[in-house]
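The values are calculated or read from the model by the stated rules, or taken from the named source; none is laboratory data. As the structure is a prediction and not an experimental result, all values here were calculated from the model. For neighbour counting, all protein chains shown are included, and Cβ atoms are generated from backbone atoms with ideal geometry for every residue, glycine included. Side chains included, ligands, DNA and RNA excluded: accessible areas come from the protein's heavy atoms. Shrake-Rupley method; radii C 1.70, N 1.55, O 1.52, S 1.80 Å.
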Amino acid sequence: MKIVGNFLQNYEIWRINTFALFFACGLTLTLVISACSSNNANNSSATPTANSSPTNQGVVVRIGYQKAATILSAIKAQQDLEKAFAASGASVTWSEFPSGPPMLEAMNAGSIDFGYTGESPPIFAQAAGNPLVYVAYDPWSTKAEAIIVPKNSPIQSLADLKGKRVAFAKGSNTNYLLVKALEKGGVNYTDIKPAFLQPPDARAAFEGNNVDAWAIWDPYLAAAQAATGARTLTDATGLAPNRGYYLAAKSFVDKNPDALKTVLEQVKKRSDWAKNNPTEVAKFLAPALGIDAGVLEVAEKRRDYDVLPLTDEVIRAQQEIADTFYKIKLIPKSVNVSEIVWKGNQ
């Protein structure tokens with residue numbers, strides 16, 4: 001009996017140890033499988049699949065615009081960008097400016113990401129160290145800007161501007177027109193009395209005979225001509241290209257190229273609409289600008305619209321403007337325009 005008892009006791013110890021061994025092995029195997037599954041799940045979520053695509057989720061596109069900048073004003077009114085970005089999760093904010101120079105100052109300060117100006121403001125901005133990029137250009141028109149004088153003014157030629165008080169927005173596209181017009185008339189830029197005024201103030205000064213001439217762009221040009229019978233001393237034909245430029249902050253271009261392309265796609269669509277519908281464009285702009293739709297239609301019919309990548313020819317013309325401004329000391333240093341031209345839309 002003692003032998004049997006010992007046998008049973010040894011058997012029970014063996015059975016317990018065996019169970020413990022199998023339990024330990026099973027637990028280890030379970031933990032290994034679980035860990036592998038977890039790693040696979042983590043790897044699966046961390047690695048995008050072939051069908052996944054980047055989105056603009058959380059991106060805020062900050063647009064600077066002017067009331068007279070037809071395309072961006074129309075895009076804002078029709079919420080084209082808001083609709084285009086709805087599916088990708090981006091949003092849009094809008095800030096209004098009286099002209100190009102203060103808009104690009106805001107871009108330099110990090111307040112906006114995208115805007116549209118004439119040809120001169122980006123040159124002043126680049127010379128000041130503003131980290132902006134040319135992303136497209138608009139052909140506009142040489143007929144859409146001019147130097148005007150009151151209808152009864154004794155000024156008959158460009159040479160007659162010597163010693164006269166001329167209103168214009170410093171750093172604007174008409175700043176360059178004035179420089180080239182004076183050059184053609186044999187007048188030094190330093191021989192005029194500049195009145196640096198934004199369009200509304202310049203209009204008041206012009207009508208009040210507080211300035212002798214005014215270098216201005218459409219639609220303010222068309223409005224002044226209609227209201228006062230102002231005489232055109234010269235437009236930009238043969239003097240200045242008078243192109244418009246779409247510009248973006250370099251940081252925005254670098255971080256959000258897809259969002260930028262979406263913006264340009266909408267600008268292109270709205271530009272095509274504007275090109276083919278001058279009457280509708282005039283009716284749209286009239287309430288915001290306080291200018292008669294008939295007058296605005298005159299301005300619309302003498303300009304062009306498009307959204308184009310900068311060509312070598314366009315860059316050379318823009319460089320000529322920059323070199324001219326440096327030569328007469330309007331900017332503190334020479335700049336290389338080609339260094340800040342975006343290649344992403346070519």
Placing +1 at every Lys and Arg Cβ and -1 at every Asp and Glu Cβ, with all other atoms neutral, what dipole size does segment 212-283 have around its Cα centre, in debye to the nearest 20? 220
Starting with the highest mean, order 174-181, 256-263, 322-329 by the number of other Cβ atoms within 10 Å, averaged over the residues of each peptide. 174-181, 256-263, 322-329
Assigning unit charges at the beta carbon (Lys, Arg +1; Asp, Glu -1) and nothing else, what dipole magnitude in debye, to the nearest 20, does segment 58-117 show about its Cα centre? 100
In segment 223-346, what percent of the accessible surface is made up of carbon and sulfur (1.4 Å probe, ligands and nucleic acids excluded)? 49
Along the Cα-to-C-beta direction of ASP323, a point sits 7 Å from the Cα; which residues of segment 155-186 have their amide N less than 16 Å from that point? 180
Any chance you could look up the accessible area of TRP342 with a 1.4 Å probe, heavy atoms only, rounded to 10 Å²? 30
In sequence order, calculated HN-Hα J values of segment 164-173 (Karplus, 6.51, -1.76, 1.60; Hz; x Gly/Pro): 8, 8, 10, 8, 6, 7, 4, x, 8, 4
From the phi angles alone, apply the Karplus equation (6.51, -1.76, 1.60; θ = phi - 60°) to segment 309-316 and give each ³J(HN,Hα) in whole Hz, x where the residue is Gly or Pro. x, 5, 8, 4, 5, 5, 5, 4
